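Undergrad: Dumping the structure here so I can ask a few things about it.
Each reported figure results from applying straightforward, stated rules to the coordinates on display, with no laboratory input. Quick caveat: nothing in here was measured; it's all calculated off a predicted structure. Every residue, glycine among them, receives a Cβ derived from its backbone with ideal geometry; neighbour counts consider all protein chains shown.
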Amino acid sequence: MMKEIGLYPIISDHAVLRFLECCHGLDVEAIRAEIRNSVQTGVRYGAAAVIADGVKYVLREETVVTVHQRGRA
C-alpha cells in the first residue's frame with residue numbers, strides 16, 4: 001500500500017511554464033527576445049534594474065532575475 005504524503009501537489013515554475021508552452025502555445029522565445037530588447041542598454045551599462053513600458057526588470061549582472069509591474073513591488 002502506498003503511503004499518502006500530501007493533499008496538495010506542489011507545481012514548480014518550470015512545470016507551469018512548460019504547460020503554458022505546450023498546451024497553450026505560449027512562445028517563450030519570443031517573450032525572452034522582448035525582455036532582452038527592453039533591458040539590453042541597462043545591462044550594457046551595469047544597471048541594477050531597468051524600467052520600460054511600466055515594467056521593472058531587476059538585474060543581477062547580465063541576468064534578468066525577476067520582473068515587477070511598476071509601482072507594485
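Undergrad: Of all the stretches in the chain, which is the longest one without any exposed loop site, taking trypsin sites (Lys or Arg not before Pro) in a DSSP loop (any state but H, G, I, E, B) with at most 16 other Cβ atoms within 10 Å?
TA: Here the longest segment lacking exposed loop sites spans 4-69.
Undergrad: What FRET efficiency do you get for GLU34 and ILE10 if R0 is 25 Å and r is their Cβ-Cβ distance, rounded to the nearest 0.05?
TA: Plugging the Cβ-Cβ distance into 1/(1 + (r/R0)^6) gives 0.30.
Undergrad: How much net charge surrounds LEU59 when only other residues with a Cβ under 13 Å from its Cβ are counted (Lys, Arg +1; Asp, Glu -1)?
TA: That works out to +2.
Undergrad: Obtain the nm distance between the two label points defined at THR66 and LEU17 by a simple spin-label model: each point lies 7 Å from its Cα along the Cα-to-C-beta direction.
TA: 1.6 nm
Undergrad: Mind pulling up the Rg/Rh value for the chain? Radius of gyration and Kirkwood radius, both on Cα.
TA: Value, to two decimals: 1.16.
Undergrad: Separate question: Treating the beta-carbon of each Lys and Arg as +1 and of each Asp and Glu as -1, no other charges, what is the dipole magnitude of the chain about its Cα centre, to the nearest 20 debye?
TA: Roughly 260 debye for the chain.
Undergrad: Longest segment of the chain with no GluC sites (Glu not before Pro) in a DSSP loop having at most 13 other Cβ atoms within 10 Å?
TA: Of all site-free stretches, the longest is 5-60.
Undergrad: Under the Karplus relation 6.51 cos²θ - 1.76 cosθ + 1.60, θ = phi - 60°, what is the ordered set of whole-Hz ³J(HN,Hα) values for the stretch 41-56, x standing for Gly and Pro?
TA: These are the phi-based 3J(HN,Hα) values: 5, x, 4, 4, 9, x, 5, 8, 7, 10, 10, 8, 6, x, 10, 9 Hz.
Undergrad: Another question, then. Projecting each Cα onto the charge dipole of the chain (Lys/Arg +1, Asp/Glu -1 at the beta carbon, about the Cα centre), which of ALA48, LEU17, THR66 comes out farthest on the positive side?
TA: About the Cα centre, the residue reaching furthest to the positive side is ALA48.
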